[in-house]
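Participant: Supplied in structure tokens, the structure appears directly below.
The values are calculated or read from the model by the stated rules, or taken from the named source; none is laboratory data. Just so it is clear, the structure is predicted and the values come from calculations on it, not from any experiment. Cβ atoms come from the backbone with ideal geometry, glycine included; neighbour counts cover every protein chain shown. Heavy atoms of the whole protein, side chains included, go into the accessibility calculation; ligands, DNA and RNA do not. Shrake-Rupley method; radii C 1.70, N 1.55, O 1.52, S 1.80 Å.
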Amino acid sequence: MQSSYDPKTFEERIYQKWMREGYFKADAGSGKEPFTIAMPPPNITSQLHIGHAMGDTIQDVVIRYKRMKGFEALYIPGTDHASIATEVKIVEKMKEEGLTKADLGREGFLRRAFAWKEQYGGRIVEQIKKLGISCDWDRLAFTMDERCSKAVRHAFVKLYNKKLIYRGDRIINWCPECKTAISDAEVEYKAEDGHLWHLRYPVEGGGFITVATTRPETMLGDTAVAVNPSDKRYTKYHGKFVLLPLADRRIPVVADHYVDKAFGTGAVKITPAHDPNDFEVGARHGLPVLRVMRDDGTMNGEAGAAYEGLTREAARKKVLSDLDALGLLEKTEPHAHNVGHCYRCHKTVEPIVSKQWFVAMKDLAVPAIDGVRAGAVRFIPKRFEKMYFNWMENIRDWCISRQLWWGHRIPVFYCDACGFETASETDLAVCPKCGRAARQDEDVLDTWFSSALWPFSTLGWPEETPALGYFYPTNVLVTAYDIITFWVSRMIFSGYEYLNKKPFSDVLIHGLVRDAQGRKMSKSLGNGIDPMEIIEAYGADSLRFSLVSGTAMGGDVRHSREKLEGCRNFMNKIWNAARFVLLNAAQIPFAPFRQGAPGLTLADRWILSELNAVTKVVTGYMDKYEAGLAASAIYDFVWSKFCDWYIETAKAEMNGGEAARRERTVGVLLHVLRESLKLLHPFAPFITAEIYNSLPNKDATDIMVSAFPLFDRKSAHPAAVKGMGEIMEIVRAVRHMRQEMRVPQAKRTMLYIAAEPGKEKLLAEGALYIEKLCQGSGLVFGIPTGKTVQAVTETGKVYIPLGELVDEAAEIKRLLGELETVSAEIKRAEGKLSNPGFTAKAPPALIEEERQKVEKYRQLKEKLTLSLRDGVDK
């Protein structure tokens, strides 16, 4: 191993070795228990961002753990064609060249799009590899590759033939900027401060009805005014007509329970072509549907000559001005309300009537809801079920058609000659009914239609492939909470509909990555973190560990340079510890560690027991997908127990122990290092592989195909854990005393120990550690003569001749301070125990705990008092 930790020198080399050896590949014929994760496919427009890095790291931690546990672990990679996002980028690039889609035509545009995909689509794949992600790259999928395209057509035709896919005129969400329909799940609602305008509509025969609206420009498409049938204020207007201002059109007053009597004036304008609720009211009352807006958001001829060609915003201003001039704008009120925006371009969405393709969702949602309710599919954390149920139980039909060219073209074919229409899994050039020319629908499918099939289309469906039979259903989906409605819900209903099986057992939800101040990362704030820059500066392992350690599932993660520095320091700590172990293994003939071997030191037994304990803890956390807690447990064990304590005791053995003990200690060092590397490997694969390959005791060709450590009850040494804990307490007490007295680090002193009754054997076994770790120049059992300073513990007293340290006054002051603290603790605990309110209500265990505290502090007070009297005064 090189002298310093430099991940640039080995990360790429190790990853290429894993690829060459085929360690990432999964075999459907192995006979092992399968474990499968399908990667949420990033868009081909994307570069790896910090959110991708976190999600992919969590998945890789799980898959590497399961692989080491003996599962046939499959991690399926892939990318998404991302219809809207990709087409927008291509059109922007064409605009720079002075080209439009019309200039190229559909076929020419698609050729350019596929060329763009080849140029940029692989970029994110290579970046994912830099992160150390262990996907089976032979199974790399793309949502528009031949296999996935076949699955999309098969799924569409199946639903079409079941009449669960239909085409109709309905209110949809229209993005005038992207010029395409988008589904309800793709609309982002933002609270905006707007206005509520009160407009006066003249009633035939005299009088006015005042309506309240947030969208005055759409009044040009009104076909009724609605009131609640139980609202007595408007009973006299039932069945009457009003004259629509600015349009010279006569429209009816209808009574409908949809109207909220408490909102505005209790009377509302009905515009079936531009509001989903109005559309439903219009359908109930047989109202005409009058669309007054074009696809680009400008007003059309139906709006009237005075308004045709105006933008939505300009039309609003003119309508309000014209109504005011006629005395029909009664008043304007401030009004905060939620406004829908396109999730891609973030422009305001226009609800509009349009002929589109829809999936009838009501019946499809039922098994998907039941599956989660029954626990067949679990959300982790469980609280995210609420978001899922809220969406699925209030589901609307899914608009799946998009007015784009890039994507899966809707496989419906028409014959203009005979009017025949059919859906087909293969292209039709001629009508199967009359033999004349057939044409295909111009629209493409919503990107999420193909993504909904991802867990099984990537395994070969609709073919009954060995991979599909073996690896499906998958085990866990790892994703962020912001696409539960977009994607998770659709995969669940698709799995039940097409295969009659759940797509996965668990949905593991992680949060979003935020900056150190808790803000969402964005270009506008300038707080974005480029994972590639981090890997270049700190290494992939530091980035991976920083994204996982200390995080809770479902919670957002705050990321900072400080956290990265801490993780880099952790990697450096492991590197230096490994160098110490390997250097000693090269110089000292070591006895390979055997479980139950005789002659183990107190520290040996302690660290082996602690290793066994952390193995149990980490395994428990990982089996529950609590990767953040597992990482923290490993960190604490490696940094504190192995590096800060056991390696220090090992140094004492190397410098002062017997030859046989040194040989056994090196064997234990190698064993604990190897098993620690295995525990850490899923989180930090590169550094663990590099060190493992240098071990003289490695037990596999590579760490990623080695066995994960197993908890073994026989490896527990509770007496050693307790005993070593007492030795460590003594060391801490002496170090604290030296620190308080500002004793120079390098200064060595004699140590004298007076053991408490029954602690003589333990202190004799730990004497070497106490001497070396407390900067002792020697250690003697007994009480010295002369003035001393003392460290008092429950196990014994440590005396240091005062003359070897500092002045007597400082020591007296220190002991008095400790005595004051202990006396305060006794008073506090005794006060609790003498309080009837506490003893009557507190659990017995808590009362007993307080009693034990009192006894403990009394004993300590007695020792400190004796120290003040006997120690310093001697």
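Participant: Given Cα positions, please report Rg to Rh for segment 313-355, the hydrodynamic radius being the Kirkwood one.
Facilitator: 1.10
Participant: So with the 1.4 Å probe, I'd like the accessible area per residue for segment 79-228, rounded to whole Å².
Facilitator: So segment 79-228 comes to 42 Å² accessible per residue, rounded to a whole number.
Participant: Just round it to a whole percent: the fraction of Cα-Cα distances in segment 567-682 exceeding 21 Å.
Facilitator: 35
Participant: Taking only protein heavy atoms into account and a 1.4 Å probe, give the accessible area per residue of segment 307-370 in Å².
Facilitator: 49
Participant: Straight-line reach from Lys232: which lysines fall under 20 Å, measuring Cα to Cα and dropping same-chain residues less than 8 apart?
Facilitator: Excluding near neighbours in sequence, the set is Lys240, Lys261, Lys269.
Participant: Here is a follow-up. Per the Kirkwood treatment, what hydrodynamic radius in Å, one decimal, follows for segment 157-264 from the mean inverse distance over all distinct Cα pairs?
Facilitator: Hydrodynamic radius (Kirkwood, Cα pairs) of segment 157-264 is 17.1 Å.
Participant: Give the lysines reachable from Lys641 as a straight Cα distance under 18 Å; neighbours fewer than 8 places away on the same chain don't count.
Facilitator: Within the straight-line limit of under 18 Å, Lys641 reaches these lysines: Lys573, Lys616, Lys651, Lys678, Lys722, Lys772.
Participant: If you don't mind, there's one more thing I want to ask. Quick check: at a probe of 1.4 Å, how many percent of the accessible area of segment 375-470 sits on carbon and sulfur atoms?
Facilitator: C and S atoms contribute 51 percent here.
Participant: Starting from the amide H of Gly796, placed 1.01 Å from N in the peptide plane, find each other amide H under 5 Å away whose residue is 5 or more places distant or on another chain.
Facilitator: For Gly796, the qualifying residues are Glu756.
Participant: Shifting gears a bit: In segment 390-481, which GluC sites (Glu not before Pro) fall in coil by DSSP and have 15 or fewer other Cβ atoms within 10 Å?
Facilitator: Passing both the DSSP loop test and the Cβ count: Glu393, Glu425, Glu442, Glu463, Glu464.
Participant: So, how do all the Cα-to-Cα distances of the chain break down into 20 Å bins, in percent, from 0 on up?
Facilitator: 12, 32, 28, 18, 9, 1
Participant: While we're looking at this one, here's another question. Compute the orientation-averaged projected area for segment 283-400 from the convex hull of its Cα atoms and round it to one decimal in nm².
Facilitator: Over every viewing direction, the Cα hull of segment 283-400 projects on average to 12.0 nm².
Participant: Would you work out the relative contact order for segment 257-393, in percent, from Cα pairs under 8 angstrom that are 6 or more residues apart?
Facilitator: Result for segment 257-393 is 15 percent.
Participant: Consider just the alpha-carbon atoms of segment 614-764 and return their Rg together with their Dmax, both in angstrom.
Facilitator: Reported Rg and Dmax, both Å: 18.4, 52.
Participant: How high is the relative contact order of the chain, given as a whole-number percent (alpha carbon pairs under 8 Å, six or more residues apart)?
Facilitator: 12
Participant: Sticking with this structure for a sec: Around Ala720, what is the net charge, scoring Lys/Arg as +1 and Asp/Glu as -1 over all other residues with Cβ under 13 Å from its Cβ?
Facilitator: 0
Participant: Given the peptides 37-48, 93-104, 336-347, arrange them by the average over their residues of other C-beta atoms within 10 Å, most packed first.
Facilitator: 37-48, 336-347, 93-104
Participant: Collect residues whose amide H, placed 1.01 Å from N in the peptide plane, falls under 5 Å from the amide H of Leu244; neighbours closer than 5 in sequence don't count.
Facilitator: Here the answer is Arg249, Arg250, Ile251, since their amide H atoms fall under 5 Å of that of Leu244.
Participant: Here's something else I'd like to know. Report Rg (one decimal) and Dmax (nearest whole number) for segment 67-125, counting Cα atoms only, units Å.
Facilitator: Gyration radius and largest Cα-Cα distance of segment 67-125: 17.1, 57 Å.
Participant: Now, a different point. Taking Lys861 as the anchor, which lysines have their alpha carbon closer than 18 Å to its alpha carbon, excluding any fewer than eight residues away along the same chain?
Facilitator: Lys797, Lys813, Lys827, Lys853
Participant: I've got another one for you. Provide, as a two-decimal number, the C-alpha radius of gyration of segment 85-190 over 2.2 N^0.38 Å, N being how many residues it has.
Facilitator: Taking the Cα Rg and dividing by 2.2 N^0.38 Å, one obtains 1.39.
Participant: Please list 105-112, 59-66, 687-694, 23-30 highest first by mean number of surrounding beta-carbon atoms within 10 Å per residue.
Facilitator: 59-66, 687-694, 23-30, 105-112
Participant: Considering only DSSP states other than H, G, I, E and B, which trypsin sites (Lys or Arg not before Pro) in segment 520-605 qualify as loop sites with at most 12 other Cβ atoms within 10 Å?
Facilitator: Sites meeting the loop and neighbour criteria: Lys523, Arg594.
Participant: If you consider only alpha-carbon coordinates, what radius of gyration and Dmax does segment 12-61 have, in Å?
Facilitator: Computed over the Cα atoms of segment 12-61, radius of gyration and Dmax are 13.9, 39 Å.
Participant: Further question on the same structure: Skipping prolines and chain starts, which residues have an amide H placed within reach, meaning under 5 Å, of the one on Thr788, given they are 5 or more residues away or on another chain?
Facilitator: The answer is Leu802, Val872, Lys874.
Participant: Filter the trypsin sites (Lys or Arg not before Pro) in segment 624-721 to those in DSSP coil with at most 16 other Cβ atoms within 10 Å of their Cβ, and list the result.
Facilitator: Lys624, Lys698
Participant: Determine the share of segment 22-169's accessible area contributed by carbon and sulfur atoms, expressed in whole percent, with a 1.4 angstrom probe.
Facilitator: Ligands and nucleic acids excluded, carbon and sulfur reach 49 percent.
Participant: Express the carbon and sulfur contribution to the solvent-accessible surface of segment 772-874 as a percent, rounded to the nearest whole number, probe 1.4 angstrom.
Facilitator: 55
Participant: Here's a follow-up. What accessible area per residue comes out for segment 575-641, rounded to a whole number of Å², with a 1.4 Å probe?
Facilitator: 41
Participant: Just want to confirm a number: the relative contact order over segment 658-806, from Cα pairs under 8 angstrom separated by 6+ residues, in percent.
Facilitator: Answer for segment 658-806 is 21 percent.
Participant: Tell me, what HN-Hα J-couplings in whole Hz come from the Karplus equation 6.51 cos²θ - 1.76 cosθ + 1.60 at θ = phi - 60° for each residue of segment 250-259, using x for Gly and Pro?
Facilitator: 8, 10, x, 9, 10, 9, 8, 5, 4, 5
Participant: Divide by every residue of the chain the summed helix terms, -39500 (n - 2.57) for each DSSP H run of at least 4, and state the resulting mean residue ellipticity at 222 nm, rounded to the nearest 500 deg cm²/dmol.
Facilitator: After summing the helix terms and dividing by the residues of the chain, the value is -13500 deg cm²/dmol.
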